[in-house]
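Coordinate-derived values only; no laboratory data. Remember, predicted model here, so these are calculated numbers, not experimental data. Note that each Cβ is placed from the backbone with ideal geometry, even for glycine, and that neighbours are counted across all protein chains shown.
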Amino acid sequence: MAPRPPPGQYAPVEADLPVDARLTIPGVELRVSTSRSGGPGGQGVNTTDSRVTLRWNVRTSAALGEEARARLLERLGPKLTLDGDVMVSVSDERSQLVNRERARERLAAMVRAARVVAAPRRATKPTRGSKERRLTAKRTRSAKLRDRGAGDD
């Protein structure tokens with residue numbers, strides 16, 4: 001068993017992270033650090049490193065092709081560090097193991113969502129029926145407002 005790094009230091013994650021059917025992030029590319037969680041929790045908060053921060057470098061990953069890398073860099077741009085790392089921090093639970101698993105799930109979901117290629121929009125014209133419905137609604141509303149005019153009292 002490998003020695004445990006000091007708190008705040010990164011340690012390699014052994015297990016690969018499957019994102020979807022065509023992409024699996026190798027475990028050696030993932031880095032995990034632990035730290036103390038903030039917020040309520042009593043004395044346990046002061047003694048346990050239950051917050052987990054998971055990092056993955058998109059720019060240097062061997063799991064991505066050039067097209068996929070460019071798409072991820074574009075879509076995850078605001079969430080990337082200057083080095084190109086995607087960071088996910090989880091401190092939801094008191095258990096470090098549960099937080100580690102949730103961080104892995106969140107990273108996979110984030111990368112999965114960024115990999116989706118949107119279908120190009122095709123310009124269409126409104127149908128004759130939709131034009132007629134719009135004009136009829138405009139005439140009805142116009143008549144309603146016109147009939148509300150000042151009455152002859």
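Run the simple label-point estimate for Ala118 and Arg139 please: 7 Å along Cα→C-beta, distance reported in nm.
Here the answer is 3.8 nm between the modelled labels.
Rounded to the nearest 0.05, what FRET efficiency do Lys125 and Arg59 give with R0 = 41 Å and r taken as the Cβ-Cβ distance? Could you check?
The computed FRET efficiency comes out at 0.40.
Quick one: if the Förster radius is 30 Å, what FRET efficiency do Ser89 and Arg22 give, using the C-beta to C-beta distance and rounding to 0.05?
0.65
For a quick check: with amide H placed at 1.01 Å from N, whose amide H comes under 5 Å from Ile25's, ignoring anything fewer than 5 positions away on the same chain?
Leu17, Val19
When ranked by the protection proxy of mean other Cβ atoms within 10 Å per residue, highest first, what sequence do the peptides 111-123, 24-36, 81-93 form?
So the peptides 111-123, 24-36, 81-93, ranked by packing, come out 24-36, 81-93, 111-123.
If packing is taken as the average number of other Cβ atoms within 10 Å across a peptide's residues, how do 124-130, 64-70 rank, most packed first?
64-70, 124-130
Given the Cα-Cα distance of Leu97 and Glu132 and 0.36 nm per residue of separation, how much length would full extension add, in nm?
6.5 nm
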